[in-house]
1. Compute for the range B:1-102: radius of gyration divided by Kirkwood radius, i.e. Rg/Rh, restricted to C-alpha atoms, rounded to two decimals.
2. Could you give the length gained by full extension between B:GLN254 and B:THR218, i.e. 0.36 nm per residue of separation minus their alpha carbon distance, to one decimal place?
3. Cα-based Rg of the protein assembly as shown per 2.2 N^0.38 Å, rounded to two decimals?
4. How big, on average over all directions, is the shadow cast by the Cα convex hull of the range B:103-171, in nm²?
5. In terms of Cα to Cα distance under 16 Å, which lysines are near enough to B:LYS50, apart from those fewer than 8 places away along the same chain?
6. Show that you can apply the helix-only estimate: for chain B, add -39,500 (n - 2.57) for every DSSP H stretch of four or more residues, divide by all residues, and state [θ] at 222 nm to the nearest 500.
7. According to a simple spin-label model (label point 7 Å from Cα along Cα-to-Cβ), what is the distance in nm between B:ALA42 and B:ASP178?
8. Quick one: go through the range B:78-110 and flag any residue whose amide nitrogen is under 16 Å from the point 7 Å out along the Cα-to-Cβ line of B:ARG34.
Amino acid sequence: FPAAPLKMQEDAEQTVQQYLEKYYDLKSDGEQIGRNRKSSLMVDKLKQMQEFFGLKVTEKPDAETLAVMKQARCGVPDMAPFV
Amino acid sequence: LTEGNPRWEHTNLTYRIENYTPDLSRADVDHAIRKAFQLWSAVTPLTFSKVSEGQADILISFVRGDHGDNSRFDGPGGILAHAFQPGPRIGGDVHFDEDETWTKDFRDYNLYHVAAHELGHSLGLSHSTDIGALMFPNYFFSGDIQLSQDDIDGIQTIYGRSENPNQPMGPQTPKVCDSKLTFDAITTIRGEVMFLKDRFYIRVSYYYPEPELNFITTFWPNLPNGLQAAYEFADRDEVRFFKGNKFWAVQGQQMLPGYPKDIYSSFGFPRSVKNIDAAVFEEETGKTYFFVADKIWRYDEYQQSMDAGYPKQIAANFPGIGNKVDAVFQKDGFLYFFRGTRQYKFDPKTKRILTLQKANSWFNC
């Protein structure tokens with residue numbers, strides 16, 4: 001397959017980041033230490049999301065995962081209290 | 001269940017609709033919300049009364065964008081609605097995104113369906129991982145709105161059962177590795193095998209060995225649930241689905257126009273045949289076998305007529321597979337017959353059964 005254009009990759013990253021922040025309590029503030037820490041948290045959350053939806057757990061934002069993230073849904077997080 | 005197990009301590013809850021969407025009449029909104037509450041009251045001791053003004057446990061509103069709570073709406077699509085867990089003040093309240101178009105039919109987004117889901121949160125349920133549950137977080141409209149057994153188990157864990165002597169049961173989502181799994185129908189489609197069960201398909205293909213389970217309506221929104229037979233007529237790239245005395249035809253994801261048709265005028269069945277248990281097109285002969293109770297009918301796809309001499313007993317053409325078939329498909333020259341939890345691999349050339357396996361052997365369990 002041809003490599004996805006860079007813009008698409010950036011869009012996908014943004015989609016994943018926003019989705020995990022909204023529904024999987026991924027913190028976007030300054031609590032993480034450095035890029036690696038943030039990445040590993042994101043991978044953990046992505047894994048949780050893939051497990052929850054019964055997707056293949058690739059720990060990567062593959063096409064199937066992105067498709068589920070783009071579906072319309074309820075705004076209540078799947079994995080965090082909503083008080 | 002929601003973290004901390006929040007619940008209402010009283011069972012006679014009140015609700016108030018604070019404002020109405022312009023997408024529907026007030027009567028339609030009232031009706032959708034009332035029906036959504038009824039789904040939950042039918043399986044619990046909870047009762048819900050509508051009040052027109054003043055205090056209410058559950059306030060329902062249509063709002064857009066930033067609307068003064070901790071979760072702003074995001075315009076059309078994306079987040080459709082949210083609700084708060086049981087509690088005072090904002091607790092239990094339901095907010096619908098007014099930037100969505102709300103409907104009372106299959107078009108996006110059906111208010112009754114979304115309201116029923118959100119009220120689950122208002123009563124203390126969290127999201128379910130069961131794709132067939134109303135509490136699954138993503139919007140799928142499969143035509144019928146009902147609580148699954150997973151939803152019922154959840155809400156009854158919080159509030160107990162209803163006092164109704166007839167306890168309602170909900171549909172269960174098939175589990176692909178359940179050794180008791182049976183099928184309504186199975187067909188090939190463009191090189192893949194699709195297993196049909198209630199509202200769901202399970203799909204396996206050469207490229208994606210992991211089975212995929214989803215609603216049949218995801219592909220074909222106009223097909224009914226509980227299909228009874230299906231087969232692929234590959235020469236015309238057509239798959240035909242049967243339920244009762246009606247059938248539908250599709251090409252890929254496209255539903256063909258003019259369907260459903262009846263099986264009497266299209267295939268020549270007598271009126272005594274009320275439904276078809278299973279069907280399969282045999283490529284080598286150009287014939288389709290229809291299984292009806294303990295008999296088979298043979299239809300010539302090119303002559304478009306039933307073959308003379310039929311119906312026959314199933315055993316006349318397929319010895320050893322018994323006198324009733326749930327589902328059948330052909331792959332790589334072999335026929336695979338399904339009856340209950342059993343599966344027979346049958347060689348049509350030698351007319352012998354080659355192997356006997358569990359029905360769900362295709363799912364890499």
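Bear in mind that the values in this text are calculations on the coordinates, not laboratory data. In this text the structure is predicted, and so the values were computed from the model without any measurement. Note that each Cβ is placed from the backbone with ideal geometry, even for glycine, and that neighbours are counted across all protein chains shown.
1. 0.95
2. So the chain would gain 11.8 nm between B:GLN254 and B:THR218.
3. 1.12
4. Its average projected convex-hull area is 4.8 nm².
5. The reachable lysines, counting only those whose Cα sits under 16 Å from B:LYS50, are B:LYS35.
6. Result for chain B, helices only: -4000 deg cm²/dmol.
7. In this crude label model, B:ASP178 to B:ALA42 measures out at 2.0 nm.
8. none
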